[in-house]
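Asker: Have a look at this one before I ask anything.
The values are calculated or read from the model by the stated rules, or taken from the named source; none is laboratory data. Being a predicted model, the structure only gives us computed values, none of them experimental. No Cβ is skipped: glycine too gets one built from the backbone with ideal geometry, and neighbour counts run over all protein chains shown.
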Amino acid sequence: MKKIATLFFLTFTFTMIFGPVFPVLAAANVVIPDSLQELDLSNQLEVYVDENHLTDKEILRKSGEFVPLPALDPSGDISDTVYWLKVNLANPSGEKRNLLLEIKKPHLSSVTLYALKGNRLQEEETMGYRYPFDKRDYKHRNLVFSVNLEEKTTTTYFLKIETDSFFQAPVSLWDPIAFSEANYMNQSIHGIFYGIMLAMIVYNTFLFLSLKEKSYLYYILFVSGFTMMQAIWDGFAFQFIWGDFPWWALRSNSFFIIWTSLFALLFAKHFLQLKEHSPILHKVISFFNVMCALCLVLPFFVNIGTMTMISTLMATGFVLFLVGIAVTVRLKTREAKFYLTAWSLLFIGVLLNILAAFQLLPLTDFTLYAPKVGIVFEVLVLSLGLADRIKRIRKEKAYETKKYYVHTLLQHAVNRMTEMEDLTSLSKEGLHCLMDITHFEKGFYLTKERTRWKVLSKVNVTENLEDFYIDQFKSFQNGSSGILDASTFTVPVSSRSHTGCFVIWSSQEEVDLSIMESFLPAFIEQFSALVAQKEYLDELKKSARVDDLTNLLNRKYFLEKVNDMYTGAEPSSLLLIDIDHFKSINDRYGHLIGDEAIIFATDLIKKVFHEKGIVGRFGGEEFIVFLKNVEEHEALEWTHQLLDVFREEGLKLRDGTFIYLTISIGFCSSQPANLLSIDEMIQRADEQLYQAKRNGRDQVAVCS
């Protein structure tokens with residue numbers, strides 16, 4: 001990773017500062033062939049570095065001090081220096097040759113072409129960024145001079161080059177027709193490149209105006225700066241935009257290098273969410289961005305050479321931060337994958353161009369324009385990554401909105417379920433809540449009683465299909481497929497003593513249940529809490545109306561229930577039952593055995609009257625039984641049956657002995673013709689109970 005990062009740093013920084021690289025071949029004599037199309041002169045040039053700003057006449061005296069350009073290699077120098085290039089062009093043809101001399105670096109400040117005529121230099125033409133574009137004889141983005149060679153002569157040409165930034169001078173000699181053909185091809189390729197870049201800028205501008213997303217703004221400004229920087233390197237900016245403003249043309253390169261670095265890092269910060277994933281790097285880049293923003297005004301005040309050095313430092317810092325981002329974020333997020341892929345494609349394009357320049361790869365149109373291809377792919381991939389991020393943000397927002405709606409719906413459902421008094425209505429309300437969220441059409445709620453599942457509530461399920469659905473649910477529990485039509489969803493619920501399950505289903509083929517992941521835990525928690533609350537309330541109600549020892553209705557609730565059901569329109573009977581000599585049982589065996597005796601008596605009474613009437617504990621060892629809609633003689637038969645049961649069955653103690661209990665019963669009946677109230681019946685039955693005890697116990701006394 002470190003080696004790749006270092007290589008990326010070197011290659012990309014070089015291209016950021018100098019633009020695409022052009023090859024320099026081995027030295028060779030300059031003889032103009034008859035079939036000339038393009039002849040690279042860079043390896044044939046001789047150079048003299050003029051630090052004293054010599055005159056035309058003085059430079060002729062230094063002719064012997066010129067050295068081959070590849071040997072000196074001043075490319076990349078930045079100083080207040082004049083570079084003199086010299087080349088001898090031999091025309092062996094018997095015809096005059098009109099050729100074109102092209103310098104493929106349009107950003108040079110001033111270039112003057114001299115022809116050696118006799119013992120003096122004759123100025124042919126001067127052009128560069130210091131002069132308006134319209135003054136050029138040959139209107140081209142690069143610096144193109146007309147060269148006229150006489151037949152069978154050798155002419156020496158001098159190029160005086162002044163630059164306020166880095167020195168580079170790849171020089172070629174062209175046949176005019178071949179130059180026009182090559183220029184047409186280059187213009188087409190550049191047209192495609194700038195067309196794509198402009199289209200991406202316009203397209204993403206519309207997206208920004210629509211979405212108001214800050215990342216799009218930084219992306220647009222970054223791509224605009226990058227495109228303008230390419231136009232400066234290619235000479236199109238000077239040719240078509242500010243050709244009449246040489247002052248700005250000389251400063252534009254530094255300005256847009258800083259501009260691109262600034263907004264590329266701003267885009268990276270927001271796109272990759274560095275504040276969250278790498279807080280330290282985020283702070284350092286934020287400081288660097290402030291420095292870039294301040295440096296944007298410097299080109300208007302600082303001299304060009306100094307500004308070039310500053311922009312070089314900024315570009316170096318930018319590339320270092322790119323490496324830092326690559327090492328830090330790696331492939332942690334989807335955004336990081338898009339981001340690293342995009343810059344890797346640009347890096348590959350730059351690397352191919354560098355390798356071709358050093359003859360490690362063949363020089364073809366692809367390797368020559370590989371950086372531009374890399375830039376196009378980088379911009380496209382970043383745009384796709386940005387669109388992917390916005391799409392996911394929208395999905396997340398939609399999901400959060402739906403989540404809020406669902407939880408609001410749950411809250412309303414919980415409020416309604418809180419008002420439900422029994423588990424059946426509670427579970428039905430829960431069914432409606434689940435079906436409203438999932439838009440499922442049918443459902444039921446099952447409760448488990450021991451090993452058997454039972455339908456407690458249902459929605460849109462016919463009664464004759466309940467057993468079928470329960471069987472299907474059991475199959476689902478066992479892991480089989482194809483359950484309950486096309487789409488089925490189950491929600492298990494459990495509390496202390498309750499086990500249940502919601503089963504809902506739909507006939508739709510595709511059902512989106514993604515929201516259930518966030519909804520279900522809250523629903524299950526709330527519903528289980530309500531079930532537990534209902535169970536607790538039921539237990540409280542039960543403890544309020546049921547005797548703890550015998551599980552019979554206590555006196556208060558017994559009287560309330562009997563008074564509610566008794567109308568007097570039907571024959572009814574009431575029994576007061578008392579265990580005989582119960583105090584002696586407590587005294588002899590203890591109160592624990594006494595409690596067992598009461599429970600034993602309860603079981604025997606329930607054995608006889610459980611399905612015939614209402615049984616309650618009246619207090620202490622006394623019990624009360626109410627028989628509704630029962631004739632007196634039938635009630636008396638059951639009463640004598642109860643006496644016989646007590647006589648036949650005994651309470652078995654731990655030592656194996658038995659205690660046989662006897663009971664005394666006071667009996668009273670009420671007929672429609674002789675209507676008595678419940679209180680009157682109790683009063684008369686109580687009187688008869690004492691009569692039975694006075695008569696010797698183990699008997700029933702009947703109110704006449």
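Asker: Suppose we keep only residues that are polar (S, T, N, Q) and in contact (Cβ under 8 Å) with a residue 24 or more places away in the chain within the range 555-584. Which one would you say is farthest from D698 (Cα to Cα)?
Answerer: Taking the range 555-584 as the starting set, the residues that turn out to be polar (S, T, N, Q) are 563, 567, 572-573, 584.
Retained after the next criterion (residues that are in contact (Cβ under 8 Å) with a residue 24 or more places away in the chain): 563, 572-573.
Working: N563: 29, S572: 23, S573: 20 Å.
Among them, the one singled out is N563.
Asker: Please specify each residue of the range 377-388 satisfying the condition of being surrounded by fewer than 21 Cβ atoms within 10 Å (Cβ to Cβ) and not acidic (D, E).
Answerer: Step one: of the range 377-388, the residues surrounded by fewer than 21 Cβ atoms within 10 Å (Cβ to Cβ) are 377, 380-381, 383-384, 387-388.
Scanning the range 377-388 gives F377, L380, V381, S383, L384, A387.
Asker: What's the total number of residues in the range 170-219 that are touching a residue at least 12 places away in the same chain (Cβ under 8 Å) and β-branched (V, I, T)?
Answerer: Number satisfying all stated conditions: 5.
Asker: Looking only at residues in the range 532-573 that are within 60 Å of the chain's Cα centre (by Cα) and hydroxyl-bearing (S, T, Y), which one is nearest to L627 (Cα to Cα)?
Answerer: Filtering the range 532-573 for residues that are within 60 Å of the chain's Cα centre (by Cα) and hydroxyl-bearing (S, T, Y), the one nearest to L627 (Cα to Cα) comes out as Y557.
Asker: Just to be sure before I move on: is I624 under 30 Å from A673 (Cα atoms), part of a strand (DSSP E or B), modelled with pLDDT of 90 or more and in contact with an Asp or Glu (Cβ under 7 Å, 6 or more places away or on another chain) in the structure I sent?
Answerer: Details: under 30 Å from A673 (Cα atoms): yes; part of a strand (DSSP E or B): yes; modelled with pLDDT of 90 or more: yes; in contact with an Asp or Glu (Cβ under 7 Å, 6 or more places away or on another chain): no.
Spelling it out, it is not the case that I624 is under 30 Å from A673 (Cα atoms), part of a strand (DSSP E or B), modelled with pLDDT of 90 or more and in contact with an Asp or Glu (Cβ under 7 Å, 6 or more places away or on another chain).
Asker: How many of the residues making up the range 46-99 are under 24 Å from S146 (Cα atoms) and surrounded by fewer than 17 Cβ atoms within 10 Å (Cβ to Cβ)?
Answerer: So the count comes out to 14.
Asker: Would you mind stating whether D471 is at pLDDT below 80, closer than 30 Å to K402 by Cβ and in the same structural domain as I524 (by TED's automatic domain parsing)?
Answerer: On the way: at pLDDT below 80: yes; closer than 30 Å to K402 by Cβ: no; in the same structural domain as I524 (by TED's automatic domain parsing): yes.
Taking the combined requirement at face value, the residue does not satisfy it.
Asker: I'm trying to understand the selection: among the residues of the range 246-278, which are touching a residue at least 40 places away in the same chain (Cβ under 8 Å), more than 39 Å from the chain's Cα centre (by Cα) and farther than 21 Å from T316 by Cβ?
Answerer: Matches in the range 246-278: P246, A249, L250.
Asker: For the range 316-361, what are the residues that are in contact with a Pro (Cβ under 8 Å, 6 or more places away or on another chain), touching a residue at least 60 places away in the same chain (Cβ under 8 Å) and assigned to a helix (DSSP H, G or I)?
Answerer: Matches in the range 316-361: L346, V350, N353, A356, A357.
Asker: Go through (1) among the charged types (D, E, K, R); (2) part of a helix (DSSP H, G or I); (3) in contact (Cβ under 8 Å) with a residue 60 or more places away in the chain one by one and return the number of the condition E535 breaks.
Answerer: (3)
Asker: Which residues, counting only those in the range 294-316, are under 17 Å from G225 (Cα atoms) and among the small types (G, A, S)?
Answerer: Correct list: S311, A315.
Asker: Out of the residues in the range 612-658 that are of a type in the set (D, E) and farther than 21 Å from A569 by Cα, state the one that is surrounded by the fewest Cβ atoms within 10 Å (Cβ to Cβ). Explain how you work it out, then say what you get.
Answerer: Here is the first cut: in the range 612-658, the ones of a type in the set (D, E) are 621-622, 631-632, 634, 637, 644, 648-649, 655.
Applying the additional criterion that residues be farther than 21 Å from A569 by Cα yields 621-622, 637, 644, 648-649, 655.
On the way: E621: 21, E622: 20, E637: 12, D644: 10, E648: 9, E649: 15, D655: 5.
Going through the qualifying residues, I end up with D655.
Asker: Given the criteria without any contact (Cβ under 8 Å) to a residue 12 or more places away in the chain and not in a loop (DSSP other than H, G, I, E, B), does E634 qualify?
Answerer: Against the criterion (without any contact (Cβ under 8 Å) to a residue 12 or more places away in the chain and not in a loop (DSSP other than H, G, I, E, B)), E634 qualifies.
Asker: Something else: Within the range 107-127, take every residue that is part of a loop (DSSP other than H, G, I, E, B) and among the polar types (S, T, N, Q) and give me the one that is nearest to R141 (Cα to Cα).
Answerer: So the residue we want is S109.
Asker: Next up: Scan the range 49-67 and tell me whether some residue there is closer than 24 Å to L360 by Cα and modelled with pLDDT under 85.
Answerer: First pass over the range 49-67, keeping only residues closer than 24 Å to L360 by Cα: none.
Within the range 49-67 (the criterion being closer than 24 Å to L360 by Cα and modelled with pLDDT under 85), the answer is no, since none of the residues qualifies.
Asker: Next up: Scan the range 254-284 residue by residue and report those that are at pLDDT below 90 and among the polar types (S, T, N, Q).
Answerer: Correct list: Q273, S278.
Asker: Consider only pairs whose beta carbons are under 6 Å apart and that are at least six residues apart or on different chains; among these, list those whose first residue lies in the range 287-309 and is under 18 Å from L265 (Cα atoms) and in the same structural domain as G225 (by TED's automatic domain parsing) and whose second residue is surrounded by 15 or more Cβ atoms within 10 Å (Cβ to Cβ) and of a type in the set (S, T, N, Q).
Answerer: Once the first residue is under 18 Å from L265 (Cα atoms) and in the same structural domain as G225 (by TED's automatic domain parsing) and sits in the range 287-309, its partners that are surrounded by 15 or more Cβ atoms within 10 Å (Cβ to Cβ) and of a type in the set (S, T, N, Q) give C292/S261.
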